[in-house]
Structure formats: structure tokens, C-alpha cells
């Protein structure tokens, strides 16, 4: 191999390596921007939780999604608090986008239009559910396990408190006679 062809090969490798580095830098910058946007949307959803629940209650079209949206909100809370981070970014982004869409009264079909105003919201929820179904089921199993663990801890603490109270009661009744 000649020096010229060796130099060209090394140059090509360096250019390819630099392209990969630049691509990775762009991905990181894009990811950081997405995280900031996601954090802002998470905060918005958490602040508007009651409004979301009220909207579900008021609409017959959205009423059937109450449990699912409640699970969405729970997922958003656990994600934002750092309790549950194993959900893929695309899934949490889909859930957040769906909830933000539902909160927006001026969407594709404005909510103030009688009868059909909530149909687009129902379609968006159904679409989000389809997108994140598997991840939502995984979260639900995790959430149920957490609830069971918390319940067991509470039960154990209650038993210990009762045992302490029983012990105190026994101790106070056994007074030495003078």
C-alpha cells in the first residue's frame, strides 16, 4: 500500500469517526432539549390534574377512559418524582403529549362544540393507549407491587404499634404492691 492510499484511508477513517462524534453530540443536545420540554409538560400536567379529572367526568365520550387516564397521571407522577424511570422515553412522551392535548380546549375539534367536541380527545387517548399498552401494563404491575409492599409495611407497623401498646398496657397493670 502506498503512502498516498494509506493517508487517504486514515483520512476517511478520521472523517467517519468525526461524523459519528458530531452525530452523537447532536443526539445529546436534542435529547437534553427534549428532556427540558418533557419536564415543563410534566409540571403542567401535574398542576392541571384536577382539571383533567373534571374533564373526564364531564364528558360521556371520555368517561370510559377514566381508569386509563388515571393510570397515565399516576405514571407521570412517578416518573417526575423519579420513582419509576424504566419506561421508555417514547412512551412517557406519548403519554405526556396525549394528556397535554386533552387539556387543550382548542384542539382539532374544540371542546366547546356540543356532542363532537370530545371525540378527538377520545381518539388521542385511544391512540396513546395503543402506543404504550405494553409499557403501561408493566407500570401497572410495578405500581400494584409497590402498593402491596406499602400495605405490608403499614400493616407491620400497625402490628408493632399495637404490640407496643399492649406491652405498655400490661406493664402499667402490673404495679407492685406496697
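Just so you know, all these numbers are worked out from the coordinates, no wet-lab data involved. No experiment lies behind these values; they were computed from the predicted model shown. Note that each Cβ is placed from the backbone with ideal geometry, even for glycine, and that neighbours are counted across all protein chains shown.
Observations on the structure shown:
- Separation in nanometres of the label points that stand 7 Å from Cα toward Cβ, at residue 39 and residue 89: 1.4 nm
- Extending 7 Å from Cα along the Cβ direction at residue 130 and again at residue 151 yields two label points whose distance is 3.4 nm.
- Once the Cβ-Cβ distance of residue 112 and residue 81 is raised to the sixth power relative to R0 = 30 Å, the FRET efficiency obtained is 0.30.
- Residues 49, 43 arranged by fewest to most Cβ contacts within 10 Å: 43, 49
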